[in-house]
Amino acid sequence: MKYKRILLKLSGEALMGDRQYGIDPERLSEYAKDIKEITELGVEVAIVIGGGNIFRGVAGAMHGMDRVQGDHMGMLATVINGLALQNALEDAGIKTRLQTAIKINEVAEPFIRRKAMSHLNKGRVVIFGGGTGNPYFTTDSAAVLRAIEIEADVILKGTRVDGIYSADPEKDSTAVKFDQISFKDVLLKGLKVMDTTAFTLSQENELPIIVFDMNKKGNLLKVVSGENIGTEVNV
């Protein structure tokens, strides 16, 4: 395997499958099988998951809700998704731990870096819920922050698109896919990979990001094996 320890970033919307909202158990099961495949090969996996399938703080703020209150609701949505993913992984026979940035001791461990590192060293999949624990920060920022803290080799951003394009491939048929691109060129071309805070943090720490299609079976294994899947953003 090219990567020993990865941080897998999944959007909340990815858990919806073909539904309009909520969680699709079949999609969760598919993800669990893909993750189990790489853990059995010795890859250490940490996961940050969004909450957009349940609630988005930004969307709430646009409709008059207090932004801080909305972001706290969004953090709780990521914990719900984390619990669902944890259940799917354990059904597949994978040992897991769910850690949260906000204390919910009855359902998850609080995030403690040394504990997270210990779980990973023991082969457990660690799911990080609750974002960064602070309003105004996205789960993209949480993913980069946690990846740096646990000394991950790479951030794998699983999406429904097979990489980064010069334009939205779902809207522009002339869009060109990049196999590799530098942090600098992403900024110069105005491409959307992560929010600015997350992207800058990743750039400053020289932590590569690979954007790939998580919904295609076998892609996760191909990425960690070093195959040219998706788009790699690096220095």
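Relative protection proxy for 172-184, 21-33, 205-217, from highest mean packing down: 205-217, 21-33, 172-184 (other beta-carbon atoms within 10 angstrom). Inter-label distance, T196 to K184: 2.1 nm, where each label sits 7 Å from its Cα along the C-beta direction. Each of H72, H119, H63 has its accessible area taken with a 1.4 Å probe; listed largest first, they run H63, H72, H119. Sketch the reach of a paramagnetic label on K4 as a point 7 Å from Cα along Cα-to-Cβ, and name the residues of the range 125-159 whose backbone nitrogen lies under 13 Å away. Backbone N within reach: 151-154. Note on the range 17-137: with charges restricted to the Cβ of Lys and Arg (+1) and Asp and Glu (-1), its dipole about the Cα centre is near 500 debye. Heavy-atom accessible surface of the range 37-147, averaged per residue, reaches 46 Å², computed with a 1.4 Å probe. Starting from the Cα gyration tensor of the range 153-219, take the square roots of the eigenvalues, sort them a ≥ b ≥ c, and report rounded, prolate or oblate (rounded when a/c is under 1.5, otherwise prolate if a/b is larger than b/c, else oblate). Here the range 153-219 falls in the oblate category. The gain in end-to-end length when the A61 to K177 segment is fully stretched comes to 38.4 nm, 0.36 nm per residue minus the alpha carbon separation. Would you mind checking the range 143-160 for residues with the amide N under 20 Å from a putative spin-label position 7 Å along Cα→C-beta of R114? From the range 143-160, the list is 146-152. With a 1.4 Å probe and all protein chains left in place, how much of the accessible area of the chain comes from carbon and sulfur atoms, in whole percent? Whole-percent figure for carbon plus sulfur exposure: 49.
Projecting the Cα atoms of L28, M65, I54 onto the charge dipole of the range 7-141, computed from C-beta unit charges around the Cα centre, puts M65 farthest toward the positive end. Working note: Karplus 6.51/-1.76/1.60 with θ = phi - 60° gives the range 44-53 the couplings 8, 10, 10, 9, 10, 10, x, x, x, 6 Hz, where Gly and Pro are set to x.
One decimal place: the segment S225-N205 gains 4.9 nm when fully extended, by the rule 0.36 nm per residue minus the C-alpha distance.
Using the Cβ-Cβ distance between L41 and K216 with R0 set to 30 Å, the FRET efficiency from 1/(1 + (r/R0)^6) comes to roughly 0.95.
When R114, R56, R97 are compared by accessible surface with a 1.4 Å probe, the order from highest to lowest is R114, R56, R97.
In the structure shown, the pairs K36/K122; K192/K216; K9/K192; K171/K192; K4/K103 are assessed against 20 Å; a Cα-Cα span above that value is assigned to K192/K216; K4/K103.
For the range 3-47, the relative contact order is 55 percent, taking Cα pairs closer than 8 Å that sit 6 or more residues apart in sequence and dividing their mean separation by the residue count.
This model, with +1 at the C-beta of Lys and Arg and -1 at the C-beta of Asp and Glu, gives the chain a dipole about its Cα centre of some 460 debye. In this structure, R19 and M73 have a Cβ-Cβ separation that, at R0 = 22 Å, corresponds to a calculated FRET efficiency of about 0.65. Relative contact order of the range 105-183, taken over Cα pairs closer than 8 Å and 6 or more residues apart, is 16 percent.
Taking Lys and Arg as +1 and Asp and Glu as -1, the other residues whose beta-carbon sits under 13 Å from that of F183 total -2.
The values are calculated or read from the model by the stated rules, or taken from the named source; none is laboratory data. This one's a predicted model, so the numbers in the text were calculated from it and none came from an experiment. Neighbour counts run over all protein chains shown; Cβ positions are idealised from the backbone, glycine included. Accessible surface is based on the protein model in full, side chains and every heavy atom, while ligands, DNA and RNA are left aside. Shrake-Rupley method; radii C 1.70, N 1.55, O 1.52, S 1.80 Å.
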